[in-house]
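**Student:** Got a structure here, written out as structure tokens. Questions coming.
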Amino acid sequence: MENTQHDIEQTPVETFEVKEVEVQEVKFPTKGEIDKAYKTVKANLPFTQKDVKTIKAGLSFLEPSLQAADESTKPLVIKNVEMIIENSHSSFLREFRQFKKSEQGIPSTFISDFITHCEMKLEEVVQSAQSSNEERQVQVVKQAKEAFDRAELSKEDLILVRHVLAMSVTKKAALIKDLTSSK
């Protein structure tokens, strides 16, 4: 037997390096966080803009009496104002008493000053509520954008997400059931 050796070229074996990819947690805002951010915030005051208009109309007839009154009868006019507020506009009673204590004397513009005070307080509370709500909305949008940026979704993935979001709850449930059921 003859020993023949064949020249076989060996091709180099390709080696692959497995690189560890850092897994970033993608945290989208929850439904509860989104609902809370876009929820209508109620002002924490016992009266509304409509109440302010009502009391303004209800007390306007006493303004001339207060302006015409001398120093000895002004407390009587203010007592009448307080009784009207107590009987017809009770939501303002606490605010009126605080305002009366804070005033130095009884000026002839006391009633209009009180109405202006209530309007300013209402506006302040509404602005505060709106600004805190806007801050939460900005945070939720920022969190969602950051999550989408980290998720590295393709255009097709985003289209699929859009279609799933547009589905009704029952269709989503059926799709989840189909995808998770073992065949």
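The values are calculated or read from the model by the stated rules, or taken from the named source; none is laboratory data. Every value quoted in this text rests on a predicted model; they were computed, and no experiment measured them. Note that we place each Cβ from the backbone using ideal geometry, even for glycine, and neighbour counts take in every protein chain shown.
**Student:** Can you find even one residue in the stretch 138-148 that is aliphatic (A, V, I, L, M), closer than 30 Å to Lys50 by Cα and in the same structural domain as Gln49 (by TED's automatic domain parsing)? Please lay out each step first, then the result.
**Tutor:** So the first thing to find is which residues in the stretch 138-148 are aliphatic (A, V, I, L, M), and the list is 138, 140-141, 144, 147.
So of that shortlist, the ones also closer than 30 Å to Lys50 by Cα come out as none.
Taking every residue of the stretch 138-148 in turn, none turns out to be aliphatic (A, V, I, L, M), closer than 30 Å to Lys50 by Cα and in the same structural domain as Gln49 (by TED's automatic domain parsing).
**Student:** Having 3 or more residues that are of a type outside the set (Gly, Ala, Ser) and more than 27 Å from the chain's Cα centre (by Cα) is the bar; report the helices (runs of 4 or more DSSP H) wholly within the stretch 27-107 that clear it.
**Tutor:** Numbers: elements: 31-37, 49-59, 63-68, 74-88, 93-102.
The helices (runs of 4 or more DSSP H) meeting that bar are 49-59, 63-68, 74-88, 93-102.
**Student:** Still on this structure: Return yes or no: is Lys172 within 24 Å of Tyr38 (Cβ to Cβ) and over 25 Å from the mean Cα position of the chain (by Cα)? Give the steps one after another, and end with the answer.
**Tutor:** Numbers: within 24 Å of Tyr38 (Cβ to Cβ): yes; over 25 Å from the mean Cα position of the chain (by Cα): yes.
Answer is yes for this residue.
**Student:** Under the condition of being over 30 Å from Thr40 (Cβ atoms) and of a type in the set (A, V, I, L, M), which residue from the stretch 78-126 is surrounded by the fewest Cβ atoms within 10 Å (Cβ to Cβ)?
**Tutor:** Met83
**Student:** Do you know which residues across the stretch 162-183 are assigned to a loop (DSSP other than H, G, I, E, B) and polar (S, T, N, Q)?
**Tutor:** First, pick out the residues of the stretch 162-183 that are assigned to a loop (DSSP other than H, G, I, E, B): 167-168, 181-183.
Once the filter is applied, which keeps residues that are assigned to a loop (DSSP other than H, G, I, E, B) and polar (S, T, N, Q), the stretch 162-183 yields Ser168, Ser181, Ser182.
**Student:** Taking the conditions exactly as written (assigned to a helix (DSSP H, G or I) and out of contact with any helix residue (DSSP H, G or I) (no Cβ under 8 Å at 6 or more places or on another chain)), does Ser132 satisfy them or not?
**Tutor:** Details: assigned to a helix (DSSP H, G or I): yes; out of contact with any helix residue (DSSP H, G or I) (no Cβ under 8 Å at 6 or more places or on another chain): yes.
In short, yes.
**Student:** Could you check the stretch 58-71 and list, in sequence order, the residues that are hydroxyl-bearing (Ser, Thr, Tyr) and surrounded by 13 or more Cβ atoms within 10 Å (Cβ to Cβ)?
**Tutor:** Initially, the stretch 58-71 is screened for residues hydroxyl-bearing (Ser, Thr, Tyr), giving 60, 65.
Across the stretch 58-71, the qualifying residue is only Ser65.
**Student:** Let me ask another. If you take the residues in the stretch 11-57 that are within 30 Å of Ser108 (Cβ to Cβ) and surrounded by 15 or more Cβ atoms within 10 Å (Cβ to Cβ), which one is modelled with the lowest pLDDT?
**Tutor:** First, the residues of the stretch 11-57 that are within 30 Å of Ser108 (Cβ to Cβ): 45-57.
So of that shortlist, the ones also surrounded by 15 or more Cβ atoms within 10 Å (Cβ to Cβ) come out as 45, 47, 51-52, 54-56.
On the way: Leu45: 79, Phe47: 83, Asp51: 89, Val52: 90, Thr54: 90, Ile55: 89, Lys56: 90.
Filtering first and then ranking leaves Leu45.
**Student:** Taking the residues in the stretch 148-161 that are assigned to a helix (DSSP H, G or I) and at pLDDT below 80 as candidates, determine which candidate is nearest to the chain's Cα centre (by Cα). Steps first, please.
**Tutor:** Here is the first cut: in the stretch 148-161, the ones assigned to a helix (DSSP H, G or I) are 148-151, 155-161.
Restricting the remaining residues to those that are at pLDDT below 80 gives 148-151, 155, 157-158, 161.
Working: Phe148: 22, Asp149: 24, Arg150: 26, Ala151: 26, Lys155: 31, Asp157: 30, Leu158: 27, Val161: 26 Å.
Out of the qualifying residues, it is Phe148.
**Student:** A further question on this structure: Taking Val138 and the conditions (1) out of contact with any Phe, Trp or Tyr (no Cβ under 9 Å at 6 or more places or on another chain); (2) farther than 30 Å from Tyr38 by Cβ, which numbered condition does it fall short on, given that it satisfies the others?
**Tutor:** Result: Val138 fails condition (2) only.
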